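I have a structure here, written as structure tokens, and I will follow up with some questions on it.
The values are calculated or read from the model by the stated rules, or taken from the named source; none is laboratory data. From a predicted model like this one, the values you see are computed outputs, not experimental measurements. Here the Cβ is made from the backbone with ideal geometry for all residues, glycine too, and neighbour counts use every protein chain on show. Note: accessible area is taken over every heavy atom of the protein model, side chains too, but ligands, DNA and RNA are not part of it. Shrake-Rupley method; radii C 1.70, N 1.55, O 1.52, S 1.80 Å.
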Amino acid sequence: QSCQQCELRYTEHLIRWRRLELTRVDTKHEVLLAKLEMLIDYLNKVRAVWANQRGKILPEEREEHERETRILDLCLRSGIRQKRVRRVLREFEDVASTVVLQATSLSAPLPHEAKKRIDAVVNTCVFEQLEQESLEELQNLKSADCDGVIRTISTQLRERCKSEAEIVVNEVIQDLDLESDEEQPLEAVASERPTAPSAHQKEHTLWERIKEQVMQQIRILEPMVKAPTRRAYEFLINDFLFVRQGDEKLCSHRQRDSIFKQFCKVCMSQTFFYLITAATFQFVANMSVFSTVTVCATLLSLMAFPHPPPAFWKGLQIYNLSVIAIKMIYQLPNIPPPARSNTVSWQTILGLLKVCPQPDGVDQPQSWQEVGSLLEALWADLLVCALLFVHWHALRQSGHLGDPGYICEELLGDDRKVNNEDAAGNPVFVDMSGGAVHAAPPPAAGPAPGRKFAADAAAEEEH
């Protein structure tokens, strides 16, 4: 029953993931069309200006065009619709504008370069916020809302946006102070020059400046380190293998884990990597047909969607156990080894090597068709079989041993729901007034319209 729940959870996750990806593709297609339409409209305005059919483009129109372009770029980058992007962008713009308004020393408006830097910071925070919201929707295992987690992430990103905007504003204020000092006459500067600070004050001021610069660099580098680390965790850790009963999200199991525990989960999740590595070692050690089949089948399993069927892994395990049995039977005394010659025997091509231990005190070199012990002949095959058992257990616990045909049918059923089609592929009409759902009536029985028209023409010719 637990394995069935894992398979059901994995199937629902695939349906949500596929639905999200298709929605992103559709959104990006719509955004590209909107960008093309907006570009054509703007070019028509420019052409009208050159033809003296209208006045010049006002700064308000240019700002509105730049803002719409900015929103569409965020939609195209994230795959999220405009309404959601506008909401998140408005929140972060309010944070940045609050920082600019609180700067009492800033008498003049921000320079164009400073505005572009603040806009870049806001765009980065908006994209990360949208990415986090999409990830929360994908990792949510229950129908309960996850606004609390999203709000926590938004708070962290707001603090980051505020701190980076303050850095930009402080740099602008320092530049303005330097320009004002250069414009003052030397007599005024000499009269207003304070007394020289002491050595202790200089050291304290230098230390405070270094500390502030270090903190600024930490604030800038922190998101650059956290984002790749989080993506590495999501890529390396198989959350379905460690999800517990009652968890609301896939990543709930690693919220309070230490670094060592997360490293152990990474090691436990990469069973397929261990299997493909062992199969490669088996091929390198034997260089035979038997080992070639194993490594090729393991690599080709990556082509199956959503995963290979359970019969594939059972067949591969049976195949490797059969190879080990054949190699052990080949060691029977009544089966002679191939004659020593310069040609390669068919037994060696298949991977059958005879165990011929050397007696003590004999330095005669062994043939390359012989091995010194049974372990030397079978260690790679035994390693592959052991890792196949481990990989099978990991797939079973994570729900990746479900029937791929059933999963594909569930995905097609979800597509029919989205496209308003019934199980037979017929379109479904929804009565919005009464809430009833009616299938399209089947076509009337009889000949096709073209054939009916031909039959009527033939009847008229007979008359």
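Give the residues of segment 70-105 that are more than 22 Å from residue 20 (Cβ to Cβ) and of a type in the set (Lys, Arg), sorted by residue number. First the steps, then the outcome.
Here is the first cut: in segment 70-105, the residues more than 22 Å from residue 20 (Cβ to Cβ) are 70, 90-105.
If the condition is that a residue be more than 22 Å from residue 20 (Cβ to Cβ) and of a type in the set (Lys, Arg), then 70, 90 are the ones that fit.
Among the residues of segment 351-377, write down those that are surrounded by fewer than 17 Cβ atoms within 10 Å (Cβ to Cβ) and either assigned to a helix (DSSP H, G or I) or modelled with pLDDT of 85 or more (or both). If you could, list the steps in order and put the result at the bottom.
At the first step, the residues of segment 351-377 found to be surrounded by fewer than 17 Cβ atoms within 10 Å (Cβ to Cβ) are 356-368, 372-376.
374, 375, 376, listed by residue number.
Among the residues in segment 224-236, are any farther than 30 Å from residue 272 by Cα, of a type outside the set (Val, Ile, Thr) and either in contact with a Cys (Cβ under 8 Å, 6 or more places away or on another chain) or modelled with pLDDT of 65 or more (or both)? Can you show your working first?
Initial filter on segment 224-236 (farther than 30 Å from residue 272 by Cα): none.
No, that holds for no residue.
Still on this structure, please answer the following. Would you please list the contacts, defined by Cβ atoms under 7 Å and residues six or more apart or on different chains, that run from a residue in segment 264-277 that is closer than 13 Å to residue 394 by Cα to a residue that is of a type in the set (Gly, Ala, Ser) and buried (at least 17 other Cβ atoms within 10 Å of the Cβ)?
From residues that are closer than 13 Å to residue 394 by Cα, the pairs are 271/394.
I would also like to ask the following. Report, ordered by the first and then the second residue, all pairs with beta carbons closer than 6 Å, sequence separation of six or more or different chains, a first member in segment 239-255 that is in contact (Cβ under 8 Å) with a residue 40 or more places away in the chain, and a second member that is open to solvent by 30 Å² or more (accessible area, probe 1.4 Å) and assigned to a helix (DSSP H, G or I).
Pairs found: 241/397.
What's the total number of residues in segment 46-78 that are farther than 20 Å from residue 28 by Cβ and of a type in the set (Lys, Arg)? Steps first, please.
Initial filter on segment 46-78 (farther than 20 Å from residue 28 by Cβ): 46-66.
Keeping just the survivors that are of a type in the set (Lys, Arg) gives 47, 54, 56, 62.
Number satisfying all stated conditions: 4.
Please name all residue pairs, on different chains or six or more residues apart, with Cβ atoms under 7 Å, provided the first residue is in segment 320-335 and is in contact (Cβ under 8 Å) with a residue 40 or more places away in the chain and the second residue is of a type in the set (Ser, Thr, Tyr) and surrounded by 10 or more Cβ atoms within 10 Å (Cβ to Cβ).
320/294
Turning to a different aspect of this structure: Just one of 32, 74, 20, 14 is under 30 Å from residue 172 (Cα atoms), in contact (Cβ under 8 Å) with a residue 24 or more places away in the chain and surrounded by 11 or more Cβ atoms within 10 Å (Cβ to Cβ); which is it?
Only one candidate qualifies: 74.
Out of the residues in segment 94-119 meeting the condition of being modelled with pLDDT of 85 or more and in contact with a helix residue (DSSP H, G or I) (Cβ under 6 Å, 6 or more places away or on another chain), tell me which one is farthest from residue 130 (Cα to Cα).
Going through the qualifying residues, I end up with 117.
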